[in-house]
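Q: There's a structure below that I have some questions on.
What follows draws every value from the coordinates through simple rules; no lab data is involved. Quick caveat: nothing in here was measured; it's all calculated off a predicted structure. Glycine also receives a Cβ, built like all others from the backbone with ideal geometry; neighbour counts cover every protein chain displayed.
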C-alpha cells in the first residue's frame, strides 16, 4: 500500500476517492460534480472508475494473451500437418509390413498402436524436455507481479496429455486408412 497522509490543509486536496452504491450512476456523478465545483471552483472535475483504471493496467497482458492464443493455434496446426505428413511417409514405407500383419490377423487397433507408439514416445521425450523449460520461463515472468499464482504440476501434465491426444488424433487418420486398406493390393505391387 502507498503511504497516506490525511490533513485539513484545503489547498492540498486535489483528489477524492468515493465509493458508490447507487444504480443511477449518472445522477450520482452529476451530484458529485456539483459538490466538487462548489468546494473547489479552481480545479477541473475529472473522474475515473477504479475498475477501468485496473483494467488499463492489464491491457497489454490481454493483448499479449490474444496474440499468444493465435500463435499457439498456428503452432498446433503446423505441428498437426507435420505429424500427418510424417505418418503418411511412415505408412508408405511400411505398407508391406501392414499388409503382412493384416494377413496374419492383426486388427485395426493393432495397426493404430503400431503407428502411434513411436509418436507417443517422441512426444513424451519432448514433454520431459519442455516442461522444466516452460516452468522456468513462466516462473520468471510471474515474478514481475506483486500478487501471483503458483504454478502447479497438473497444468503441465494437462498440456502434455492434450499434446498426446492431438497427436493420436492426427496419426490415427492415416493409421486407420492404412489398416483398412486391402492387403492384397499392397503385397501384389512387388
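Q: Springs between alpha-carbon pairs under 10 angstrom, Gaussian network model over the chain: which of 62, 37, 110 fluctuates most?
A: Of 62, 37, 110, the most mobile in the Gaussian network model is 37.
Q: Same structure, new question: Set the Förster radius R0 to 22 Å, insert the Cβ-Cβ distance between residue 42 and residue 22 as r into 1/(1 + (r/R0)^6), and round the FRET efficiency to 0.05. Mind dumping the intermediate values first?
A: On the way: r = 28 Å, r/R0 = 1.26.
The computed FRET efficiency comes out at 0.20.
Q: Moving on. Taking volume of the Cα convex hull per residue in Å³ as the quantity of interest, determine which of (1) 177; (2) 159; (3) 198 was computed from the displayed structure.
A: Only one listed value fits the structure, namely (3).
Q: Taking the chain as a Gaussian network, Cα atoms linked when under 10 Å apart, which of 154, 141, 36 shows the biggest mean-square fluctuation?
A: 36
Q: Please report, for the Cα atoms of the range 122-186, the Rg to one decimal and the Dmax as a whole number; what are they, in angstrom?
A: 18.9, 67
Q: Between residue 155 and residue 84, what is the FRET efficiency for a Förster distance of 30 Å, r being their Cβ-Cβ separation, to the nearest 0.05?
A: 0.65
Q: Moving on to the next point. Can you give me the distance in nm between label points at residue 55 and residue 109, each placed 7 Å from the Cα along the Cα-to-Cβ direction?
A: Between residue 55 and residue 109, the simple spin-label model gives 5.2 nm.
Q: Follow-up. Order by neighbour count: 28, 184, fewest other Cβ atoms within 10 Å first, most last.
A: Listed from fewest to most nearby Cβ atoms, that is 184, 28.
Q: Return the whole-Å distance between the Cα centroid of the range 53-72 and the Cα centroid of the range 83-134.
A: Cα centroid to Cα centroid, the span is 38 Å.
Q: Please find, in a Gaussian network model of the chain (springs between Cα atoms separated by less than 10 Å), the residue of 116, 152, 124 whose mean-square fluctuation is greatest.
A: Comparing 116, 152, 124 in the GNM, the peak value goes to 152.
Q: Using only the Cα atoms of the range 7-87, what semi-axes does the equivalent ellipsoid have when each is the square root of 5 times a gyration tensor eigenvalue? Give whole Å, largest first.
A: Value: 53, 14, 9 Å, ordered largest first.
Q: In the calculated pair distance distribution of the range 99-151, what percentage of Cα-Cα distances lie above 13 Å?
A: When every Cα pair of the range 99-151 is considered, 71 percent fall beyond 13 Å.
Q: Per residue of the chain, what 222 nm ellipticity follows from adding -39500 (n - 2.57) for every DSSP H run with n ≥ 4, rounded to the nearest 500?
A: -24500 deg cm²/dmol
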